[in-house]
1. Mind checking Rg over Rh on the protein assembly as shown, alpha carbons, Kirkwood formula for Rh?
2. Mind putting a number on the dipole of the protein assembly as shown about its Cα centre? Charges go on the C-beta only, +1 for Lys and Arg and -1 for Asp and Glu, and I need it in Debye to the nearest 20.
3. Which lysines, on any chain, are close to A:K70 with Cα under 27 Å apart, when same-chain ones fewer than 8 places away are left out?
4. Going by Cα centres, region B:1-62 and region B:68-109 are how many Å apart?
5. Report the residue of chain B with the smallest Cβ-to-axis distance, using the rotation axis that brings B onto A, in whole Å.
6. Defining the label point at 7 Å along Cα→Cβ, can you sort the distances from A:S69 to the same site in each other copy, shortest first, in nm?
7. Counting only other residues whose beta carbon sits under 14 Å from that of A:S104, what net charge do I get with K and R as +1, D and E as -1?
8. If the label for A:T48 sits 7 angstrom from Cα along the Cα-to-Cβ line, what are its distances to the same label in every other copy, in nm to one decimal, shortest first?
Number of protein chains: 2
Amino acid sequence: MNLENTQVQMRKGILEYCILHIISRGEVYASDMLDELTNARMIVVEGTLYPLLTRLKNSGLVEYKWVESKSGPPRKYYKLTDMGSSFLAGLTETWNELVHSTASITKRSQTPA
Amino acid sequence: MNLENTQVQMRKGILEYCILHIISRGEVYASDMLDELTNARMIVVEGTLYPLLTRLKNSGLVEYKWVESKSGPPRKYYKLTDMGSSFLAGLTETWNELVHSTASITKRSQTPA
DNA sequence: CCAAGTACTTGGCCATACATAGTACTTCCT
DNA sequence: AGGAAGTACTATGTATGGCCAAGTACTTGG
C-alpha cells in the first residue's frame, strides 16, 4: 500500500470515461489519444490503452475503420456508436456524483457541528 | 461492460482517500464511517469497509483501540498515525490532480482550436 | 436459554491497469 | 535487394481492490 499504487487504483474506471470523451469529439486513433491524455497529465501506456479500446469495441460502445497511413501501417480510427454516446452520458453523471460526494467528505471541517 | 460495473471501478482507490479523511477528523469506528459515507451518497458495504480498514492498519496508516459499548460488542476506534497523515496529504494531491486532468479533457469543446 | 441486534471477519469472484514481449507493415539507407 | 528503424496493434500474465455472502462473537431482552 503505497502512493504510486493508490494512484493507479484511482485511475481505474476514470480512464474509460476520458477515452470515451476524447473519441466523442471526433475520429481519432490510438496515438492521438495517447498524446491528448499525456497533455492532460493523465499518464497512460500502450499496454493499457489498446486492451481498453478492444473492450470498448467488443461492447459495442465504439467502432472503427481502417485508414491507410503515409508513414507506417494502417490505423484504426475510432468513433462512438449511439450506444457509446448514451453510455458516456451515464458515465458523466456517475463521475460528477463521485466528485461531488468526495468533495462533501473532504471539504468538511475538522470538527463538524 | 455496464454502467454499474464502471461505477465500481471508478470507486477504486477513492474510497481509501475518503476513509482516511473521515478518520483524520477524529476517532471513529466502522459504523460511524458507514453512516458518513452513506450521507455523502458514497454507498459502501461492510464487506468493502472492513477489509480496507485492515489493510490500512497493516500498512501502519491507522491504529485503533478497543472501546466497550453499552449496546453490543466492543468497537474498534480508529485514528490516523503520523504516517497516515502524510499519506493522506499525498493522496489529496493525487486526487486533485486527477480531477483536474479529467476536467481538462472533458471540458474541452467539441471542436478544439 | 434462546432470539435479536451489533460489530467484526473471512473466502472467493470479477474487472481493470500495467509490464513485457511479440507481430506486421512501411520507409529509409546502403 | 536486403536489413535496420519506426509505427501501429496484439497477446499474456500479475497484482489490486471492491463486492457478495456466509460466518463468528459479544450483549441485551423476553
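Since every read-out is calculated from the coordinates, none of them should be taken as a lab result. Owing to the predicted nature of the structure, the values given are computational and were not obtained by experimental measurement. Heads up, the Cβs are rebuilt from the backbone with ideal geometry, glycines too, and the neighbour counts pull from every protein chain shown.
1. Details: Rg = 20.4 Å, Rh = 19.3 Å.
Rounded to two decimals, Rg/Rh equals 1.05.
2. 20 debye
3. Once the sequence-local lysines are set aside, what remains near A:K70 is A:K57, A:K79.
4. 9 Å
5. In residue-and-Å form, the answer is B:K12, 2.
6. Copy-to-copy label distances for A:S69: 5.9 nm.
7. +1
8. Shortest to longest, the spacings are 2.1 nm.
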